[in-house]
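The block underneath contains the structure these notes are about, expressed in structure tokens.
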Amino acid sequence: MTQQQPEASAAVPATSPHRPGAGGAARKTVQVTGELLLTAGAVLLLFVAWELWWTHVEADASQAKAIDGFASEFTGPLTPPAEQTDHGKPAVSAAPGYGETIGIMYVPRFGADYSRPIVQGTGPDVLDSLGLGHYEGTGMPGAAGNFAVAGHRQTHGAVLDSIHQLVPGDRIYVQTKAGYYTYVYRNNQIVLPSRTDVLLPVPTKAGAPPRDSYLTMTSCNPRFGSEERIVAYSLLDSWQPASAGPPSDIAALVAMTHGKA
Amino acid sequence: MYGWIFRHLPGPLWARILASAALIAGILVLMVQFLFPWMSQFTTLTDSTIGSVQQP
């Protein structure tokens, strides 16, 4: 390519054939093949950059938009209650339509500013842009059963990249229109992708009637691989309605997420 | 190939340089919008759901 620059800048008529003579066709074939191979290499490198970097940029933007949409509809104080009271049985909302926002998940272990939208459905359109996807047909937050969500370990925001860093006892907060559900992380499990029983109302216990409210998060494992799935189980610990304000541990984060701090 | 395209672009040198830049930018946009999302189905980085190998 570069050895033709002088020709081009010397204002050679556009139609002039370059380097006429024997072997021109073969030379041209080799040159075009080489340029195509170089192009393919560049495209693959760009694809890697897109997958590992640009998908984060796009996903972060659409997740921020989903959070803004939820926050604009959320009514309730953003300051924590003065004293802890028992609010009884948690409210259970009906599952929204596919692609609609259920709420926001806060996981302090994943970072002091970690807040990601939870959206109904686990299709590529949800997980690739909106973050955490709720498995349709599994329970909603607060219900006896299993609130199961999936999220990417890498690419597209990598919402569950740090899932292996959860420590038993870590709190995971789910905010919906109804209020705040505080889950406590218990353990994780690494399974084959075919193990759908981790999504059962009582995870991996077929036919068992659920008494507790589970939160199950699934992502791929290992990092940058997908041979297995990593599954993190948490149990509902407490609940407070939206009217009572956020739990004091995440009050600052909730206010920041709602653009009030 | 690229030399041929550059020589066949109309206009003076600066116009051809501008046109080349615009062509490259356009191809980049097309790749990001259509080619890369399509290619990503062949990587396994996005498989995070249980029960489906195909679903990310």
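The values are calculated or read from the model by the stated rules, or taken from the named source; none is laboratory data. In this text, all values refer to a predicted model and were calculated from it rather than measured experimentally. Glycine also receives a Cβ, built like all others from the backbone with ideal geometry; neighbour counts cover every protein chain displayed.
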*Quick one: how many residues across the range A:102-122 are surrounded by fewer than 22 Cβ atoms within 10 Å (Cβ to Cβ) and either small (Gly, Ala, Ser) or touching a Phe, Trp or Tyr at 6+ places or on another chain (Cβ under 9 Å) (or both)?*
7
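Have a look at A:His56, A:His87 and point out the one that is of a type outside the set (Phe, Trp, Tyr) and under 23 Å from B:Trp38 (Cβ atoms).
Checking each option against the conditions leaves just A:His56.
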*Cβ-Cβ below 9 Å, separation at least six or inter-chain, first residue in the range A:139-157 and at pLDDT 90 or above, second surrounded by fewer than 24 Cβ atoms within 10 Å (Cβ to Cβ) and basic (Lys, Arg): which pairs?*
A:Gly142/A:Lys89; A:Ala144/A:Arg211
*asked:* Quick check on my filter: what residues within the range A:115-150 are part of a loop (DSSP other than H, G, I, E, B) and at the interface with chain B (Cβ under 9 Å from one of its Cβ atoms)?
replied: A:Thr122, A:Gly123, A:Asp128, A:Tyr135
*Take the range A:231-252 and flag every residue that is part of a helix (DSSP H, G or I), over 30 Å from A:His156 (Cβ atoms) and not hydrophobic (A, V, I, L, M, F, W, C).*
A:Ser243, A:Ser248
*asked:* Given the condition among the polar types (S, T, N, Q) and part of a strand (DSSP E or B), answer yes or no: does some residue in the range A:161-179 qualify?
replied: yes
*Could you figure out which of (1) more than 14 Å from chain B (Cβ to nearest Cβ); (2) of a type outside the set (Val, Ile, Thr); (3) surrounded by fewer than 17 Cβ atoms within 10 Å (Cβ to Cβ); (4) in a loop (DSSP other than H, G, I, E, B) isn't true of A:Pro90?*
(3)
_Let me spell it out: the conditions are (1) away from chain B (no Cβ under 14 Å); (2) not in a loop (DSSP other than H, G, I, E, B), and A:Trp50 meets all of them except one. Which number is the exception?_
(1)
*Sort out which residues of the range A:61-82 are crowded, with 16+ Cβ neighbours inside 10 Å and either on the phi > 0 side of the Ramachandran plot or more than 14 Å from every other protein chain (Cβ to nearest Cβ) (or both), and write them in order of number.*
A:Gln63, A:Ala66, A:Ile67, A:Phe70, A:Ala71, A:Phe74, A:Gly76, A:Leu78, A:Pro80, A:Pro81
_Filter result (in contact (Cβ under 8 Å) with a residue 60 or more places away in the chain and assigned to a loop (DSSP other than H, G, I, E, B)) within the range A:216-230_ = A:Arg223, A:Phe224
*Identify the residue in the range B:11-47 that is at pLDDT below 90 and over 19 Å from the mean Cα position of the chain (by Cα) and, among all such residues, is farthest from the other protein chains (Cβ to nearest Cβ).*
B:Gly11
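For (1) facing another protein chain (nearest Cβ under 9 Å); (2) among the acidic types (Asp, Glu); (3) surrounded by fewer than 21 Cβ atoms within 10 Å (Cβ to Cβ); (4) on the phi > 0 side of the Ramachandran plot, each residue gets a yes or a no:
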position: A:Gln189; (1), (2), (3), (4): no, no, yes, no
position: A:Thr196; (1), (2), (3), (4): yes, no, yes, no
position: A:Val202; (1), (2), (3), (4): no, no, yes, no
position: A:Ala208; (1), (2), (3), (4): no, no, yes, no
position: A:Asp212; (1), (2), (3), (4): no, yes, yes, no
position: A:Leu215; (1), (2), (3), (4): no, no, no, no
position: A:Val231; (1), (2), (3), (4): yes, no, no, no
